[in-house]
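Trainee: Below are the structure tokens for one structure; questions will follow.
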Amino acid sequence: MKYTTLFAACMVFGVGSMAGQVNAQEICRTAGFWGTHAGEEKPGSVNISEEVIRAWLSTVHSYDQTVTENCAYNDQDGSVSCNFEPPGQAGSPKACRDAKKNDVTLFNNFPSGFEGLQICGQVISLQEQTGSEIPPVVEALCVSPDGDSKIQLGRQLTAAALNCLLSGGGEDCTGTPMEPVFAACNNSCTAQGQDDQVNTCIEKLDCFNNGGRWNEDDPLAMYCQMDVAESCHAQPLIGTVAGNGPGGPVLE
């Protein structure tokens, strides 16, 4: 897999800290993309978001290790290779609109007792809440732009987790340059009295999910640079979700 250069200022939170240059996994898409590609409402659409989560669960929890149209389980090393090219049209626009309209969010309609992504103290599983027709990943990603900043942070964390999964870094971005910032931001999402950190996390994660580069050369003028060579956002949705086999990280 190719790598792209990304400045990891998003990995440091101290004022005046200088970013170091690191190698980052290349695949990323926005929260909007993941939210609208989490269903099969339209003919020919693919539920990319749930397939990526299912692929990861199969590598770490022996969950439904079956070959799908887009992902194949490798019983030699426990990895799953996925190819979502071309990604096709959005398959969950109505569910996305309904989630926003009905204020169904990460914190108020999630099922319990299921395996899935650990975001903001909640579990984004493949199981829907009883009586709800909106998939959990859509609930996390399709939120109104106004309101609770922690809901917005949860949205960006969910997108970052999906990007990291497809890039082989696990749900918490293990082994990628995003690992420290993801952990810090996920913790900030559940902590009290960290409004400044939450808002900064939203900006940094949104920058990463858009394929940008966060630069803190000037601590008084933090900004997201989008002129990144070989941006992860421009890379095809083809990746290997790492497992616990030889050569793969231990994610459990």
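Derivation of every value follows stated rules applied to the coordinates shown; laboratory data play no part. Model, not experiment: these values are computed from the prediction. Note: ideal-geometry Cβ built from the backbone for every residue, glycine included; neighbour counts use all protein chains shown.
Trainee: Count the net charge of all other residues whose Cβ sits under 15 Å from the Cβ of VAL46, scoring Lys and Arg as +1 and Asp and Glu as -1.
Mentor: Details: positive: ARG29, LYS42, ARG54; negative: GLU40, GLU41, GLU50, GLU51, GLU69, GLU85.
Here the charged neighbours net out to -3.
Trainee: Could you size up the charge dipole of segment 36-106 around its Cα centre, putting +1 on the beta carbon of Lys and Arg and -1 on that of Asp and Glu, and report it in debye to the nearest 20? Could you put the intermediate results ahead of the total?
Mentor: Numbers: 6 positive and 11 negative charges, 87 e Å.
With Lys and Arg at +1 and Asp and Glu at -1, about 420 debye.
Trainee: Add +1 for every Lys or Arg and -1 for every Asp or Glu among the other residues with Cβ under 11 Å from the Cβ of TRP34, and state the total.
Mentor: +1
Trainee: Further, regarding this structure: Using the per-residue mean of other Cβ atoms lying within 10 Å as a proxy for protection, in what order, highest first, do the peptides 34-41, 116-123 fall?
Mentor: Values: 34-41: 24.0, 116-123: 19.9.
Going by the mean number of other Cβ atoms within 10 Å, highest first, we get 34-41, 116-123.
Trainee: Quick one: 3J(HN,Hα) in Hz for segment 32-46, Karplus 6.51/-1.76/1.60 with θ = phi - 60°, rounded, Gly and Pro as x.
Mentor: Per residue, the Karplus-derived 3J(HN,Hα) values read x, 4, 4, x, 8, 10, 10, x, 9, 5, 9, x, x, 7, 10 Hz.
Trainee: Right, here's the next one. Between ASN187 and GLN89, what's the calculated FRET efficiency when r is the beta-carbon distance and R0 is 41 Å? Round to 0.05. It would help to have the intermediate numbers written out before the result.
Mentor: Working: r = 36 Å, r/R0 = 0.89.
The value I calculate is 0.65.
Trainee: A further question follows. For LYS100, give me every one of the aspartates and glutamates with a C-alpha distance below 16 angstrom, ignoring sequence neighbours fewer than eight places off in its own chain.
Mentor: Partners found: GLU133, GLU139, ASP146, ASP148.
Trainee: Right, next: Starting from the Cα-Cα distance between ASP195 and ASP75, subtract it from 0.36 nm times their residue separation and give me the gain in nm to one decimal.
Mentor: Working: separation 120, 0.36 × 120 = 43.20 nm, distance 4.44 nm.
Between ASP195 and ASP75, full extension yields 38.8 nm more.
Trainee: Can you tell me the FRET efficiency between PHE107 and ALA229 if r is taken as the Cβ-Cβ distance and R0 is 41 Å, rounded to the nearest 0.05? Don't skip to the answer; put the middle values down first.
Mentor: Values: r = 38 Å, r/R0 = 0.93.
That gives a FRET efficiency of 0.60.
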